[in-house]
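One structure is given here, and the rest of the page talks about it.
The values are calculated or read from the model by the stated rules, or taken from the named source; none is laboratory data. For clarity, every value in this text was computed on a predicted model and none was experimentally measured. Don't worry about glycine lacking a Cβ; one is built from the backbone with ideal geometry, like all the others, and counts go over all protein chains shown.
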Amino acid sequence: MKLLLLVLMSLTLWGQSSAKVILLKHIKADSASVIANAFGDGKVNVQRDPRAQMLVLSGPPDLLTAIENAIQKADVPEKSALNVELTFYALVAGDVAGTVALPEDLAGVAKQVKGLFGYPSLRLMDSLQVRARDGMRGEATGMMGKAQGSNPNQYNLRFDEVLVQGSEKAHSIKLSRLRFGTKILIGNQYLEMGLTTDVDFREGQKIVIGKSSLDSSGTPFFVVVTGRVVD
């Protein structure tokens, strides 16, 4: 009622010919009032009631119609945030203890490594999955390798942000400041080694993101990433 009285007062003072009440379903009254003021250009009186999720407008009829149409376009349910399921593979060159033969679906990766670094034989040490919401960061830690004796390799994986880009039919994934590090026991202390990079790839694509050392003897160690977008 107070809002309606204010509108009537505004109509009297401003000499406007029309008033309109807009009930909001999804967006906040404050957000809707920003739209109304932008379209009103100082010619529309905007009153908002956040508790009732309502705007009351007074002004020229054509502007009120334009404002209502603009608010209706904005007043829709928010899209649920997408999630990204990332899979990382730790590969090593040579027959290292605790590794297994490379799965067939990583054959293309083996060709990448051979072409880039010249290593003809790769084995899978471990794989891990991280699930993160679009626009958020992620992190995982643990022990890498299934049978590394008494001194398994510790790993730390983190990224500052994962972004889903492109259209629904052709998603791409971007990882900002991706860090994959391992801790190698040398003597009685651990030395951290690894790689840091930004990376972009198509959904489902497997790419080699870098090379590091697995142990103090310099055993080549490669990190591969792939990912898919899920609801």
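Assorted remarks:
- Test result for Ala110, surrounded by 16 or more Cβ atoms within 10 Å (Cβ to Cβ), in a strand (DSSP E or B), among the small types (Gly, Ala, Ser) and assigned by TED's automatic domain parsing to the domain that holds Val208: no
- Test: Lys169 is in contact with a helix residue (DSSP H, G or I) (Cβ under 6 Å, 6 or more places away or on another chain), of a type in the set (Lys, Arg) and either over 17 Å from Gly142 (Cα atoms) or surrounded by fewer than 13 Cβ atoms within 10 Å (Cβ to Cβ) (or both): no
- Selected residue (only one of Val92, Val84 is modelled with pLDDT of 90 or more and touching a strand residue (DSSP E or B) at 6+ places or on another chain (Cβ under 6 Å)): Val84
- When residues in segment 162-198 are screened for being assigned to a loop (DSSP other than H, G, I, E, B) and within 26 Å of Ala110 (Cβ to Cβ), 0 of them pass.
- Comparison of Ala81, Ala90 shows that the only residue that is part of a strand (DSSP E or B) and among the small types (Gly, Ala, Ser) is Ala90.
- The residue that is nearest to the chain's Cα centre (by Cα), among those in segment 27-44 that are buried (at least 17 other Cβ atoms within 10 Å of the Cβ) and not in a helix (DSSP H, G or I), is Ile27.
- Contact annotation: no residue pair with Cβ atoms under 7 Å, 6 or more positions apart or on different chains, pairs a residue in segment 17-31 that is in the same structural domain as Val46 (by TED's automatic domain parsing) with a partner that is surrounded by fewer than 12 Cβ atoms within 10 Å (Cβ to Cβ) and part of a helix (DSSP H, G or I).
- Within segment 216-231, considering residues that are surrounded by 15 or more Cβ atoms within 10 Å (Cβ to Cβ) and closer than 21 Å to Phe159 by Cα, the one modelled with the lowest pLDDT: Phe221
- Residue within segment 199-215 that is of a type in the set (S, T, N, Q), free of Cβ contacts under 8 Å to residues at least 24 places away in the same chain and either buried (at least 16 other Cβ atoms within 10 Å of the Cβ) or in a strand (DSSP E or B) (or both) present: no
- Residue within segment 113-124 that is of a type in the set (S, T, N, Q), modelled with pLDDT under 85, under 24 Å from Gln154 (Cα atoms) and surrounded by fewer than 17 Cβ atoms within 10 Å (Cβ to Cβ) present: yes
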